[in-house]
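What follows is a single structure, written as structure tokens, with notes after it.
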Amino acid sequence: MAAATCKTSPIPTNLNHPHRPKPPIPRFRAVRCASRPTSKTSSKTLAPGDLSPAFRSVTAFAPATIANLGPCFDFLGCAVDGVGDTVTVAVDPAVPAGTLSISSISGIAASAAKLSRDPLWNCAGIAGIAAMRALGVRSIGLSLHLEKGLPLGSGLGSSAASAAAAAVAVNGLFGGRLTPGELVLAGLESEKKVSGYHADNVAPSIMGGFVLIRSYDPLELLRLEFPAGQDLYFVLVSPEFEAPTKKMRAALPPEVKMKDHVHNSSQAAALVAAVVRGDVRVLGLAMSSDGIVEPRRAPLIPGMAGVKKAAIEAGAFGCTISGAGPTAVAVIDGEEKGKEIGDRMVEAFLREGGLKASATVARLDRVGARVISSNAD
Ligand code: HSE
């Protein structure tokens, strides 16, 4: 994607009553982005001539994400605090101008060893190149180091986190000219190649919080504001089992029945309402109620049905598959309960599915991908 015109604007939340006063904090923020820009658009938004880097190197971190959240397949996801991928990009005179080379990959050994160092076949490489193209970088070559904090095929947006960190690092290196929508488009180049054209991992990884994809063409993203000061925690339980997104997408039905459509639409709408109202109980109920995707995927993950039951019996408000799986995600409103619920879920994975698993309790990440260090020397 060469360049795209994106803008951010508040959307009023009082659409249902003309006389209701506007709330002081907008609960939705819209990012609109032309996904197929014309050459006229490109020439307007690209910097003329050579773009100079603002730094010699920049390191960015991008958080893990939970896509789908049950009934919101491919159109809603959120970011979680603490775990993610880190990318450093540096100006490198040894790399041909306008291109990017992957110098090294470290971090989780099993993930790092499986990844290609060919930038055209690596999520960070693809998104980094797309960001360079969107910025109009032609006369400088970059080298990229990827540090994997997330396991591959875990359902925590591992590929999206690499892509998001790379796009944000490249953007930071050149002074941060790209909008969030343009960064998501750069990340989507990578998602398209590795798993499918879905932005429900890469958008929240870049923007933080909950992000709803209202439209793909043109790309329009709505950030949903979970009320500040209210707690939301996720219990993430990852079994030792790989569920490649491509394979899990292939398991989905080509068509759905009208009654399932009505059911899932009502649950998705309830989930969005629950997010902006900060109602964790309804969020959990809605998240647990997917009648289309989860019933097809859960049988492919040994023990998943028992894990969900164990989470709810232990006090979680709801539980489903995180992204394409195999991680199971449960929601709660306090950190203390999380450990206990996680233990019950780990036991259930072993008992019902014969899988070893590990649990993490994570908070909602409201920030998204960010530059964590830069070096001008
Ligand atoms: N929405 C995507 C899927 C997310 O469920 O296939 C993959 O992480």
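The values are calculated or read from the model by the stated rules, or taken from the named source; none is laboratory data. All of these numbers come straight from a predicted model, not from anything done at the bench. All Cβ positions, even for glycine, are placed from backbone atoms using ideal geometry, and neighbour counts span all protein chains on display.
Working carefully through the options Val256, Val262, Val280, find the one that is among the β-branched types (Val, Ile, Thr) and closer than 26 Å to Arg366 by Cα. Spell out how you get there, then give the answer.
On the way: Val256 fails: closer than 26 Å to Arg366 by Cα; Val262 fails: closer than 26 Å to Arg366 by Cα.
Unique residue meeting the criteria: Val280.
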Out of (1) exposed (fewer than 13 other Cβ atoms within 10 Å of the Cβ); (2) over 30 Å from Lys114 (Cβ atoms), the one Leu222 does not meet is (1)
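Yes or no: Val346 more than 16 Å from the ligand (Cβ to nearest atom), in contact with a helix residue (DSSP H, G or I) (Cβ under 9 Å, 6 or more places away or on another chain) and closer than 18 Å to Val280 by Cβ?
Values: more than 16 Å from the ligand (Cβ to nearest atom): yes; in contact with a helix residue (DSSP H, G or I) (Cβ under 9 Å, 6 or more places away or on another chain): yes; closer than 18 Å to Val280 by Cβ: no.
No, not satisfied.
Yes/no per residue for (1) at positive phi; (2) without any contact (Cβ under 8 Å) to a residue 60 or more places away in the chain; (3) crowded, with 24+ Cβ neighbours inside 10 Å:
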| residue | (1), (2), (3) |
| --- | --- |
| Pro63 | no, no, yes |
| Asp81 | no, no, no |
| Pro96 | no, yes, no |
| Ala127 | no, no, yes |
| Ser162 | no, no, yes |
*Is region 326-334 home to any residue that is out of contact with any Ser or Thr (no Cβ under 9 Å at 6 or more places or on another chain), within 15 Å of the ligand (Cβ to nearest atom) and within 23 Å of Thr360 (Cα to Cα)?*
no
Counting only residues in region 82-99 that are touching an Asp or Glu at 6+ places or on another chain (Cβ under 9 Å) and at pLDDT 95 or above, the one farthest from Ala131 (Cα to Cα) is identified as Gly84
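Restricting attention to region 132-160, report how many residues are part of a helix (DSSP H, G or I) and of a type in the set (S, T, N, Q).
2
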When region 240-273 is checked residue by residue, the ones that are modelled with pLDDT of 95 or more and under 25 Å from Gly209 (Cα atoms) are Asn264, Ser265, Ser266, Gln267, Ala268, Ala269, Ala270, Leu271, Val272, Ala273
Among residues of region 272-314 being β-branched (Val, Ile, Thr) and over 23 Å from the mean Cα position of the chain (by Cα), the residue nearest to Leu232 (Cα to Cα) is Ile312
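When region 181-206 is examined, which residues are found to be surrounded by fewer than 24 Cβ atoms within 10 Å (Cβ to Cβ) and at pLDDT 95 or above?
First, the residues of region 181-206 that are surrounded by fewer than 24 Cβ atoms within 10 Å (Cβ to Cβ): 189, 192-197.
Matches in region 181-206: Glu189 only.
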task = Consider Ala60 carefully, then state whether it is outside any strand (DSSP E or B) and away from the ligand (no atom under 16 Å from the Cβ).
result = no
Filter region 297-325 for residues that are among the basic types (Lys, Arg) and either under 15 Å from Thr360 (Cα atoms) or out of contact with any helix residue (DSSP H, G or I) (no Cβ under 6 Å at 6 or more places or on another chain) (or both); the one that is nearest to the ligand (Cβ to nearest atom) is Lys308
Counting only helices (runs of 4 or more DSSP H) wholly inside region 178-296, the ones holding at least 2 residues that are away from the ligand (no atom under 15 Å from the Cβ) and not assigned by TED's automatic domain parsing to the domain that holds Val80 are 258-277, 280-287
